[in-house]
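The values are calculated or read from the model by the stated rules, or taken from the named source; none is laboratory data. Being a predicted model, the structure only gives us computed values, none of them experimental. Note that we place each Cβ from the backbone using ideal geometry, even for glycine, and neighbour counts take in every protein chain shown. SASA here: full protein model, heavy atoms, side chains in, ligands and nucleic acids out. Shrake-Rupley method; radii C 1.70, N 1.55, O 1.52, S 1.80 Å.
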2 protein chains.
Amino acid sequence: MIKIDFDKMGGLIPAIIQDYENGEVLMVAFMDQKTLDLTLKDGKTWFFSRTRNKYWMKGEESGNTQEVMEVLTDCDADTVVIKVKQNGPAACHTGNRSCFYVRWENDQWVEHSKPLFDPNEVYKK
Amino acid sequence: MIKIDFDKMGGLIPAIIQDYENGEVLMVAFMDQKTLDLTLKDGKTWFFSRTRNKYWMKGEESGNTQEVMEVLTDCDADTVVIKVKQNGPAACHTGNRSCFYVRWENDQWVEHSKPLFDPNEVYKK
């Protein structure tokens with residue numbers, strides 16, 4: 001029986017969140033056993049924040065939640081790919097559709113930011 | 001100027017390797033500064049193996065190298081997505097096209113393995 005291996009990263013695995021329609025990688029975040037279980041059960045994506053040291057559900061503040069369509073793991077069961085239906089315009093807290101809007105070009109990182117919402121309006125303090 | 005943040009994982013970042021043609025996630029591995037630099041310069045994918053504690057180039061044994069087509073990083077620059085042209089039939093050392101051939105189905109992980117080569121022949125000792 002396959003079991004996810006959380007030991008390599010001290011209890012965490014990377015979770016690659018991919019748009020189920022076009023394959024775009026929307027974000028990468030981390031899950032522990034509890035947030036993986038929650039994600040599988042709840043059908044929404046849950047993560048463990050390394051910087052804030054807390055559990056969070058994607059979209060809990062912005063409303064831009066993610067519906068889990070398919071969950072895959074790899075040959076050594078230490079990573080998951082989660083295909084989602086992204087609710088709302090964008091996955092990234094910057095307002096960009098994907099967090100991966102920075103491209104390596106001519107020996108430097110270049111931002112190609114096209115925000116679809118205003119973070120200051122969506123994430124009110 | 002954007003700089004990749006290797007500090008969150010003790011010198012490593014996850015690298016998501018994606019087929020540039022159809023968006024399939026082929027594998028996830030880890031890079032340090034040196035292997036990211038090598039990848040950007042060399043145009044092939046280089047990684048740091050956590051279990052073997054060594055540098056390796058994808059395909060160095062099997063010949064199934066990966067040509068780097070596009071490199072992206074995310075909003076907090078602690079992960080990279082690398083779009084590649086996969087040489088040879090498959091990316092996974094098991095012979096499967098992608099390492100992500102295990103799907104969550106009816107509350108368990110189910111293998112959907114369709115090897116495109118025989119690992120015992122490709123990885124000769």
**Message:** What's the number of the only condition in (1) closer than 20 Å to A:Ala29 by Cα; (2) outside any loop (DSSP other than H, G, I, E, B) that B:Tyr55 fails to meet?
**Reply:** (1)
**Asked** How about the stretch B:50-86: which of its residues are without any contact (Cβ under 8 Å) to a residue 12 or more places away in the chain and among the polar types (S, T, N, Q)?
**Response** B:Thr51, B:Asn53
**Message:** Restricting to the stretch B:70-111, name every residue that is more than 9 Å from chain A (Cβ to nearest Cβ) and in contact with an Asp or Glu (Cβ under 9 Å, 6 or more places away or on another chain).
**Reply:** B:Ile82, B:Lys83, B:Val84, B:Lys85, B:Gln86, B:Asn87, B:Ala91, B:Gly95, B:Arg97
**Request:** Give the residue that is farthest from A:Glu21 (Cα to Cα), with candidates limited to residues of the stretch B:29-57 that are open to solvent by less than 20 Å² (accessible area, probe 1.4 Å) and modelled with pLDDT of 95 or more.
**Result:** B:Thr35
**Request:** Go through A:Glu21, A:Glu67, A:Glu60 for me and flag whichever is exposed (fewer than 15 other Cβ atoms within 10 Å of the Cβ), part of a loop (DSSP other than H, G, I, E, B) and within 14 Å of the chain's Cα centre (by Cα).
**Result:** A:Glu60
